[in-house]
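Notes follow the structure.
The values are calculated or read from the model by the stated rules, or taken from the named source; none is laboratory data. If you're wondering where the values come from, they're calculated on a predicted model, not measured in any experiment. Counting neighbours? That spans all protein chains shown, and the Cβs are built from the backbone with ideal geometry, glycine included. The area values use the complete protein model at the heavy-atom level, side chains included, leaving out ligands, DNA and RNA. Shrake-Rupley method; radii C 1.70, N 1.55, O 1.52, S 1.80 Å.
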Amino acid sequence: MLRLPILTVLLFVSVFSNAQQHPVTFFTKSEAAEVKKKVGAFPVLTHSYNEIKKEVDGFVGKDVDVPFPKDPAGGYTHDKHKANYTLMFNGGILYNLTGDIKYAALVKNMLLKYAVLNPTLKNHPQATSASPGRIFWQALNDANWMVYAGMAYDLIYNSLNVADRKKIEEGAFKPEVDYFTKDLRGWFDRIHNHNVWASAGVGIIGIASNNREYIDIALKGSDKDGKTGFIAQMNQLFSPDGYYTEGPYYVRYAILPYMLFANALNNTNPSLKIFEHRNKILQKALMTCLQQTNTDGVFFPMNDAIKDKDYTTNEIVTAINIAWKVYGNDDGLLTIANKQNRVMLNKGGSSIAAALATKKSITAFYPYKTIESTDGVKGNEGGISVLRNGSGNTLTSLIFKYASQGMGHGHFDRLNINLFDKGNEILQDYGSARFIGIEQKYGGRYLPENAAYAAQTIAHNTIVVDETSHFNGNSELGEKSHAQKLFSAISNPSVLVVSAKENNAYQRIGLQRTVYMLQLPDEKKLVVDIYNATSSDEHQYDLPFQYNGQFINPSFKYTANTKKQETLGLKNGYQFIWKEAEATVADTTVQFTFLNSHIYYTVSSLVQDSAKIFFTRSGANDPNFNIRREPAYIIRKKGKDQAFISVIEIHGKYDPIYEFSTNAYPAVQEIKLLLNNSDFTVAEIIVAGKKIMIAQSNKDFEKTKKHSLNLTNEKIEWTGPYSLLYDGKGLK
């Protein structure tokens with residue numbers, strides 16, 4: 001991965017004073033005093049304070065268990081240590097807001113228990129990876145503990161005598177820091193979301209304990225040369241516009257340590273301007289990840305994502321509260337804060353609570369927009385486009401992924417698309433195969449089926465060649481290249497278009513996909529998908545549509561496998577898919593309609609010569625029922641060069657109360673491919689008797705380039721990479 005030049009701001013070690021005032025990590029003494037004054041003034045702040053106080057008061061004066069670690073994620077000891085670091089952190093906050101020593105005593109006693117426990121720990125008995133934890137099964141969770149325990153220590157620092165400080169620093173913290181920076185040095189110095197947490201944990205403990213060595217290692221890596229560490233994580237995991245290479249689900253997780261450690265650094269020395277680093281990269285990261293959510297706040301499930309995570313999580317609450325304090329008020333953030341219905345007990349949180357209480361109107365939906373995000377340190381490694389039409393509960397979002405591999409959590413899904421409409425996932429991404437926090441399901445870890453099925457190409461909405469995943473399912477090979485955006489046009493909301501190519505997923509096979517999101521004058525919404533595969537050799541090409549909904553009707557006859565079912569294939573994810581029905585079609589436009597949340601969706605596809613079609617369902621060869629049972633519609637073609645021209649149409653409505661349908665049949669009538677070669681593609685789509693004509697260049701994408709084509713019955717001329725006419729005119 002490319003690295004940015006080491007910046008002079010890396011000389012952080014010289015700016016921290018051993019005489020610094022506490023607290024400084026989560027908030028300062030003056031901030032705490034300001035929050036204390038406002039606690040009873042604003043409902044959300046009062047509610048948040050009371051919730052924390054109720055939880056912590058339940059443990060005051062009691063002997064809190066600090067058990068010897070033995071359980072995996074979801075087990076008692078795992079969950080108890082997780083609850084403990086939250087309890088210590090909240091107890092420390094309450095000590096500062098109330099001045100009541102009982103809260104400091106609670107935190108002190110727990111930290112002293114950890115000071116006895118931690119020096120005795122070896123690798124966790126449930127560890128399964130190369131980075132085992134001590135308190136938890138993996139080192140990542142130990143890093144979580146360090147972040148919160150470090151802040152808790154800082155929050156009660158002034159209440160402790162010198163002897164107790166020494167016991168805690170040498171007993172609770174030093175074994176963990178040494179383990180990370182010495183025993184797990186190679187892991188600690190990785191560029192990865194786990195190691196953002198690790199750097200933040202070591203750094204926050206360093207600030208809390210006035211340990212300049214820890215701070216220096218946290219910022220610049222174990223060798224203190226700046227090639228790794230927190231600043232390198234800021235430089236190398238984000239593109240210039242804030243896209244996080246592992247995807248929105250993972251920036252949701254990593255944004256918390258980024259923000260918390262940056263906040264601690266900013267409190268100790270604001271002249272460093274850590275929040276200004278890389279042109280405010282942390283603000284860009286937050287705003288980009290929020291744009292990569294559905295209208296219900298759920299993060300788009302790219303890569304190894306858990307599909308239920310949304311922007312009400314603790315990580316985003318924390319990030320928004322700190323961003324509000326640092327970067328200022330934002331109406332979009334206020335909309336999300338309103339849905340979160342809780343704030344952190346810091347300056348940003350109290351300010352948000354005040355805004356929620358005093359603002360006359362707060363918009364119901366985050367201000368979503370069409371957004372294109374580059375990938376890679378320099379923004380030259382492909383990217384992600386989110387094309388949007390509509391607003392509020394009528395919003396339609398098309399996600400087109402032409403990014404890099406996304407590191408170890410990436411999936412083999414080059415040129416993948418997903419579709420959301422009216423808050424529902426229509427063409428879906430499986431996300432990850434994992435039941436996080438559920439001990440009975442593989443200890444809450446990633447299931448074997450995550451790599452075997454969920455990450456494989458066939459679990460997505462992109463071409464699979466010869467039943468083999470992109471890069472033959474090899475992440476290291478995938479990391480060596482990226483897809484390339486060819487052109488885009490997003491200024492006209494009625495015609496949004498992005499084109500990209502991928503020439504490395506398969507040897508000697510080129511993939512090029514162009515997607516158009518169209519708003520027709522009669523309010524019809526269409527997605528036109530032109531996907532070309534080119535090769536000098538014969539291949540089998542499968543294009544799946546992972547549809548989410550109830551099968552309604554296809555336009556062709558099929559054979560249902562009601563007596564005996566077979567799998568679609570034997571490996572690369574195919575072994576997990578049942579063939580429920582199949583058909584052979586030729587020289588026609590095939591259509592398949594399904595229903596999702598009372599709205600009809602139809603996929604219309606051109607078949608030249610012949611193709612096979614499969615209706616499938618995941619769940620084969622899954623005796624432990626680890627995979628969700630989900631349907632797919634797959635078009636299979638064979639040959640050298642193959643074109644997949646499809647239209648995804650949103651139409652009609654079903655009313656289950658009155659038992660009545662409107663516009664239940666698609667308006668798309670026919671698709672024709674008038675020309676398709678290495679230079680141009682020209683397609684004609686008949687929609688309710690009117691013609692959509694799309695002509696696009698496949699090589700020259702200059703905006704000023706003039707093109708002219710003589711077809712059988714007409715001559716087409718246009719300027720730029722594409723032309724789109726509806727009923728002979730452009731869409732406005």
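Set against the labelled values (i) 50, 27, 25; (ii) 44, 34, 23; (iii) 53, 31, 22, semi-axes √(5λ) of the Cα gyration tensor in Å computed from this structure falls on (i). For region 457-610, a simple Cβ point-charge model (Lys and Arg +1, Asp and Glu -1, everything else neutral) yields a dipole of about 260 debye relative to the Cα centre.
The charge dipole of region 275-375, taken about the Cα centre with unit charges on the Cβ atoms of Lys, Arg (+1) and Asp, Glu (-1), comes to about 420 debye, rounded to the nearest 20. Ordering Gln540, Thr562, Gly573 by the projection of their Cα atoms onto the charge dipole of region 538-579, which places +1 on the Cβ of Lys and Arg and -1 on the Cβ of Asp and Glu, puts Thr562 at the extreme positive end. For the set Lys369/Lys640; Lys182/Lys284; Lys122/Lys378; Lys54/Lys325, the pairs lying more than 31 angstrom apart at their alpha carbons are Lys369/Lys640; Lys182/Lys284; Lys122/Lys378. Which percent of the accessible area of the chain is formed by carbon and sulfur heavy atoms (probe 1.4 angstrom)? On the chain, the fraction of accessible area on carbon and sulfur atoms equals 48 percent. Axis angle, to the nearest 10 degrees, between helix 277-291 and the longest C-alpha principal axis of the chain: 60 degrees. Only one residue of Phe136, Phe59, Pro23 has its Cα farthest out toward the positive end of the dipole of the chain, where Lys and Arg carry +1 and Asp and Glu -1 on Cβ, and that residue is Pro23. Over the chain, accessible surface divided per residue gives 39 Å², non-protein components excluded, 1.4 Å probe. At 7 Å along Cα-to-Cβ for each site, give me the label-to-label distance between Tyr558 and Asn109 in nm. So the two model labels end up 6.4 nm from each other.
Label separation (Glu479 vs Asp183): 2.5 nm, computed from points 7 Å beyond Cα along the C-beta direction.
Highest mean first, the peptides 322-333, 53-64, 230-241 sorted by other C-beta atoms within 10 Å per residue fall in the order 230-241, 322-333, 53-64.
Model label sites at Glu714 and Asn380, defined 7 Å from Cα along the beta-carbon direction, differ in position by 4.1 nm.
Placing R0 at 45 angstrom, the Cβ-Cβ distance between Lys62 and Lys227 gives a FRET efficiency of 0.45 after rounding to 0.05. Look at the alpha carbon pairs under 8 Å that are at least 6 residues apart: their mean separation over the length of region 495-637 gives a relative contact order of 20 percent. The packing ranking of peptides 146-153, 534-541, highest mean first, is 146-153, 534-541, where packing means the average number of other beta carbon atoms within 10 angstrom of each residue. Charge dipole of the chain (Cα centre as origin; +1 on each Lys and Arg Cβ, -1 on each Asp and Glu Cβ, all else neutral): 1180 debye, rounded to the nearest 20. What angle, in degrees between 0 and 90 and rounded to the nearest 10, separates the Cα long axis of helix 331-340 from the longest principal axis of the Cα atoms of the chain? In the chain, helix 331-340 runs at an angle near 70 degrees to the longest axis.
Average 1/r across all pairs of distinct alpha carbons in region 488-527, invert it, and you get the Kirkwood radius: 11.7 Å. Using only the Cα atoms of region 114-224, build the gyration tensor, take square roots of its eigenvalues as a ≥ b ≥ c, and label the shape rounded, prolate or oblate: rounded if a/c is under 1.5, else prolate if a/b is larger than b/c, else oblate. Because a/c hits 1.5 or more and a/b fails to exceed b/c, region 114-224 counts as oblate. The Cβ shell under 14 Å around Ser491 holds other residues with a net charge of +3, Lys and Arg each +1, Asp and Glu each -1.
When only Cα pairs below 8 angstrom with a gap of at least 6 residues are kept, the chain shows a relative contact order of 8 percent.
In terms of its C-alpha gyration tensor, region 574-689 comes out oblate, because a/c is 1.5 or above while a/b does not outweigh b/c.
Each Cα pair under 8 Å and six or more residues apart adds its separation to the average, and for region 248-367 the resulting relative contact order is 24 percent. Length available on full extension from Asn472 to Gln540: 0.36 nm per residue minus the Cα-Cα distance, which gives 23.0 nm.
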